[in-house]
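Trainee: One structure, as structure tokens, below. Some questions next.
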Amino acid sequence: MQRPTGAKDGPAAEVVQKFLSSLRDLHVEAHVVRSEGETSEALRSIISKAPSRSVVVAGVPARYAGAVKAGLAGAKVDFVEDLRALPQQEAVKLLAAADAGVTWAVNGVALEGAMLEVVYDDSEKLASCLPILHVALLEASSILPGLAEALPLVGGLVREAPPGTKPIVSFISGPSKTGDIEMRLLYGVHGPHTVHAVVLDWR
């Protein structure tokens, strides 16, 4: 099944800026990269500062795979697509032990500062929600003004999915957080403690 890769027409500059601003408000570190080299360098910097010894990668389109591999050189890297050949228990164990997850977001949502993740396998979802560091890659051209534009796309993906392959859809809006402890908003209680968005604006 072909993975959706976002919108075809680029957004207005103010939409991208609003997206970056909304991400910052939600404690997401945003990086705009304009080439393969910049992409690799951004990933290298993020992973080295964590530090992350073990990284899982899920759903990155072929066009960007080389930059991702170069950026993660030196770390132990497992691609979720390769883990499917393993027994499920072993694959989950590897995912749970990873320090960082690098995944693909289909769209950005500017007003809400969210990243739309669409996967068709539970293991791919675990790559973004189990490691304490999550790095989401997305194309600048995929950024939408708001949920009003994003939700019809989600509906179309669900309707058009073949039987037995319904997508797992998530709107990722920053590190894990809870307001249940003494009525205070706390970050990093469960799931990713740190989230980075690498916005690909390759020329």
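Trainee: Go over the candidates 68, 60, 55, 102 one by one and state the one that is open to solvent by less than 50 Å² (accessible area, probe 1.4 Å), part of a loop (DSSP other than H, G, I, E, B) and among the aliphatic types (A, V, I, L, M).
Mentor: 60
Trainee: Right, something else. Within the range 22-34, which residues are open to solvent by less than 40 Å² (accessible area, probe 1.4 Å) and either in a helix (DSSP H, G or I) or over 14 Å from residue 172 (Cα atoms) (or both)?
Mentor: 22, 23, 33
Trainee: I need a count of the residues in the range 23-60 that are more than 29 Å from residue 82 (Cβ to Cβ) and either among the charged types (D, E, K, R) or over 16 Å from the mean Cα position of the chain (by Cα) (or both).
Mentor: 3
Trainee: Same structure again: Modelled with pLDDT of 95 or more and not in a loop (DSSP other than H, G, I, E, B) - does that describe any residue in the range 88-99?
Mentor: Scanning the range 88-99 turns up no residue that is modelled with pLDDT of 95 or more and not in a loop (DSSP other than H, G, I, E, B).
Trainee: Moving on. Tell me which residues, restricted to the range 75-97, are surrounded by fewer than 16 Cβ atoms within 10 Å (Cβ to Cβ), within 14 Å of residue 119 (Cβ to Cβ) and more than 17 Å from the chain's Cα centre (by Cα). Give the derivation first.
Mentor: Filtering the range 75-97 for residues surrounded by fewer than 16 Cβ atoms within 10 Å (Cβ to Cβ) gives 76, 81-82, 84-90, 93, 96-97.
Subset that is within 14 Å of residue 119 (Cβ to Cβ): 81, 84.
The answer is 84, and nothing else.
Trainee: Which one of these does residue 68 not meet: (1) more than 27 Å from residue 41 (Cβ to Cβ); (2) modelled with pLDDT of 95 or more?
Mentor: (1)
Trainee: Here is a list of conditions, (1) open to solvent by 30 Å² or more (accessible area, probe 1.4 Å); (2) of a type in the set (A, V, I, L, M); (3) at pLDDT 95 or above, and residue 12 meets all of them except one; can you say which number that is?
Mentor: Here residue 12 meets the rest and fails (3).
The values are calculated or read from the model by the stated rules, or taken from the named source; none is laboratory data. No experiment lies behind these values; they were computed from the predicted model shown. Every residue, glycine among them, receives a Cβ derived from its backbone with ideal geometry; neighbour counts consider all protein chains shown. Just so you know, the surface numbers come from the protein's heavy atoms only, side chains and all, with ligands and any DNA or RNA stripped out. Shrake-Rupley method; radii C 1.70, N 1.55, O 1.52, S 1.80 Å.
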